[in-house]
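J.: For reference, the structure I am asking about is given below.
Any read-out appearing in this document is the output of simple, stated calculations on the displayed coordinates, not a laboratory observation. Here the structure is a predicted model, which is why all the values come from computation and not from measurement.
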């Protein structure tokens with residue numbers, strides 16, 4: 001977006017309209033708005049268009065099913081139902097306010113015009129075309145695309161997901177879409193992140209497949225237990241150990257390959273990351289996203305803060321929410337090197353990475369928007385911030401907004417726009433519940449969610465580097481390089497190591513390492529019928545415990 005291109009009067013009009021829509025305008029501000037509208041038909045049209053855009057977005061019908069109805073009876077309560085109803089009311093209230101505000105202010109203007117003599121006006125010269133209008137710069141796609149079925153709780157409750165089952169005591173049965181019969185034994189916390197997989201945070205889960213040809217896997221921290229058409233049980237012993245008991249057949253214990261799902265170093269002139277990107281990941285470049293010297297390696301991309309400064313990623317798309325190669329549930333990391341010339345002005349957004357699947361979007365961007373949408377979690381003072389947005393089950397979409405104020409170990413806006421390269425990583429880890437932002441290898445801001453809350457991302461929208469792919473109005477200003485996307489949370493040690501290598505002008509990854517892997521898991525050890533193995537959760541190797 002280009003806030004410096006906006007005329008001051010128009011900017012003031014939009015700012016006052018925002019206050020009216022949010023219901024925070026004072027009497028003096030309302031009077032000022034009326035004065036701006038009363039003799040200016042063009043301003044009236046602009047005001048009406050702006051408020052109607054907000055009202056239409058607010059009236060978009062949420063398609064996401066009521067997940068609270070999918071919980072076991074023991075976990076349901078009147079409070080949960082009440083919260084859902086309140087959320088529905090909140091989703092339509094801004095739209096009604098926008099309609100009412102537009103109507104009331106224009107009625108007042110009409111009454112005053114009727115009481116005043118109409119004076120001849122000089123013709124108004126048409127304004128010069130602008131690259132981008134201000135309202136689009138803080139637009140969000142407020143759709144809630146439907147989530148897919150992941151199974152049935154008990155014998156009656158269809159479940160959409162991802163979702164997490166909390167079993168305080170006793171057992172809860174779950175039938176997956178892939179044909180696995182699960183029994184979660186309490187006290188336990190078990191996430192259903194796809195039709196054929198689950199995430200065990202604590203407690204135990206027993207799995208049995210009716211069809212030997214089908215598959216089901218259980219993930220615990222850094223391991224995956226893949227059922228090869230068998231019956232097995234997994235128990236979380238403590239933070240470092242799990243037990244795998246195979247009743248029939250065999251399972252394969254696998255360790256996560258801790259490399260990016262997608263990685264773009266921009267060193268290749270073809271800008272498809274050549275053999276390093278997943279299946280030669282296809283990219284579409286805007287005309288103002290231009291190749292330049294690398295922060296690391298031979299190449300990087302320069303963005304000039306215009307609508308044509310973008311890189312669309314043409315791979316990783318899904319058909320519905322929660323699907324596709326960028327559908328992450330138990331963890332996510334976004335990593336990049338940047339040189340920023342961000343203005344920090346009010347309502348100026350500079351996107352580093354964003355995928356706009358409605359309310360299931362994720363983003364990493366510089367923002368200064370006075371918490372538009374009330375997305376900040378935790379709440380922070382208004383002002384320039386680095387924002388990491390992600391949708392979390394039960395909590396909805398929220399943004400970790402790190403104030404760029406230079407306090408409590410946080411960088412200032414000046415620190416990050418000093419013309420020097422910087423390293424940024426955003427992570428979410430459902431196993432710890434931590435949503436975090438790192439700058440130059442150091443943890444700078446964090447928020448604690450409950451353990452076991454799954455992320456919901458993925459869908460049919462293209463991801464975009466350096467802009468908002470939905471409206472192309474939030475372009476980065478500066479240089480981006482070494483952009484990486486992971487379907488798990490990098491550790492603090494991994495992030496520090498990546499920064500040290502990048503600071504030396506080297507790739508994030510150790511010499512001899514292929515920086516990207518299509519395969520996400522590596523087989524460590526099989527476990528056969530009648531065997532119980534205690535495994536280290538990091539290595540997957542058997543222990544004597």
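J.: Between region 396-473 and region 172-225, what is the separation of their alpha carbon centroids in Å?
T.: 30
J.: Report D for region 284-357 in µm² per second (integer): Stokes-Einstein, Kirkwood Rh on Cα pairs, 37 °C, 0.692 mPa s.
T.: Diffusion coefficient, whole number: 224 µm²/s.
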